[in-house]
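Take a look at the structure below.
The values are calculated or read from the model by the stated rules, or taken from the named source; none is laboratory data. Values in this document were obtained by computation on a predicted structure and should not be read as measured data. Here Cβ is always computed from backbone atoms with ideal geometry, including for glycine, and neighbour counts include all displayed protein chains. Calculation scope for accessible area: heavy atoms of the full protein, side chains included, ligands and nucleic acids excluded. Shrake-Rupley method; radii C 1.70, N 1.55, O 1.52, S 1.80 Å.
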Amino acid sequence: MRRRLAAGNWKMNGTGAALSELDTLTATHPSPTVDILICPPATLIHRAGQAVQGSGVAIGGQDCHAEVSGAHTGDLSAEMLKDAGATSVIVGHSERREDHGEKDDDIRAKARAAMNAGLTAIICVGESLEQREAANTLDIIGGQLSGSIPDLATGENLVLAYEPIWAIGTGKVPTLEEIGEVHDFIRARLERRFGEGVGRSVRLLYGGSVKPDNAAEIFGVSNVDGALVGGASLKARDFSGIISALEQA
Ligand code: PGA
């Protein structure tokens, strides 16, 4: 059985004051039956790790460099994130792909670096609205999966997040059928490439405008093992509603 995962991506939001949200979260979920992960800005990882110590909440990064160290001003390696207290790192978020021109090759290298550092890589894939309207969604996702997942992936070091770009931060969500179609497709691709054992153990998250009021129906879709949540992860009260929906799914 795959342990379900509620992951929050704070993006470029939050200073020290936001750490009180973590106190609320750990107090509200003292013994969660699902995995909970918060990916704050890198500046907060260390303090966030201390704030959640001994709780069921883990801390992750939002990106990492593909190399272990070197002359890369402003970048952070997977080792550094781990050293600061992260257990996971998001790679290939569409905002990184768009804002920083990251390609599948870059993302695969980053994911490999994360896995080598002992972190779980949460690799994001997703189509644009244009691609969906042209009925290219599965082709696009298939290409991203082949290009961005390193060969050393296992059920422990890889989580896949399906995030349609047009659903991120927009309040628009695909139909449950559309989510199910992509998640089933991703599962089949993983099983084909990595074999049934690994393919079935990788957790698949849906991301894009997940809120407390739509979470339960999304979690009822086959092969949806949790969510990657942006806006609704910033406030413990909202994220808590999503966690509870996942616990009851
Ligand atoms: P959102 O973001 O929940 O604000 O739509 C999701 C994401 O980008 O991971």
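Would you confirm whether any residue within the range 101-114 is open to solvent by 60 Å² or more (accessible area, probe 1.4 Å), part of a loop (DSSP other than H, G, I, E, B), in contact with a helix residue (DSSP H, G or I) (Cβ under 9 Å, 6 or more places away or on another chain) and at pLDDT 95 or above? Yes, because at least one residue in the range 101-114 is open to solvent by 60 Å² or more (accessible area, probe 1.4 Å), part of a loop (DSSP other than H, G, I, E, B), in contact with a helix residue (DSSP H, G or I) (Cβ under 9 Å, 6 or more places away or on another chain) and at pLDDT 95 or above. Taken as a whole, the condition of being open to solvent by less than 40 Å² (accessible area, probe 1.4 Å), in contact with an Asp or Glu (Cβ under 6 Å, 6 or more places away or on another chain) and within 16 Å of the ligand (Cβ to nearest atom) does not apply to A245.
Of all residues in the range 149-178, those being within 16 Å of the ligand (Cβ to nearest atom), not in a loop (DSSP other than H, G, I, E, B) and not hydroxyl-bearing (S, T, Y) number 7. If you take the residues of the range 138-148 that are more than 16 Å from the chain's Cα centre (by Cα) and open to solvent by 10 Å² or more (accessible area, probe 1.4 Å), which of them is nearest to the ligand (Cβ to nearest atom)? The selected residue is I140. Residues of the range 211-222 include none that is open to solvent by less than 40 Å² (accessible area, probe 1.4 Å), closer than 29 Å to S20 by Cα, within 11 Å of the ligand (Cβ to nearest atom) and touching an Asp or Glu at 6+ places or on another chain (Cβ under 9 Å). For the range 15-49, a tally of residues being assigned to a loop (DSSP other than H, G, I, E, B) and open to solvent by 40 Å² or more (accessible area, probe 1.4 Å) returns 4. Every condition in (1) part of a helix (DSSP H, G or I); (2) open to solvent by less than 50 Å² (accessible area, probe 1.4 Å); (3) more than 16 Å from the ligand (Cβ to nearest atom) holds for R192 except the one numbered (2).
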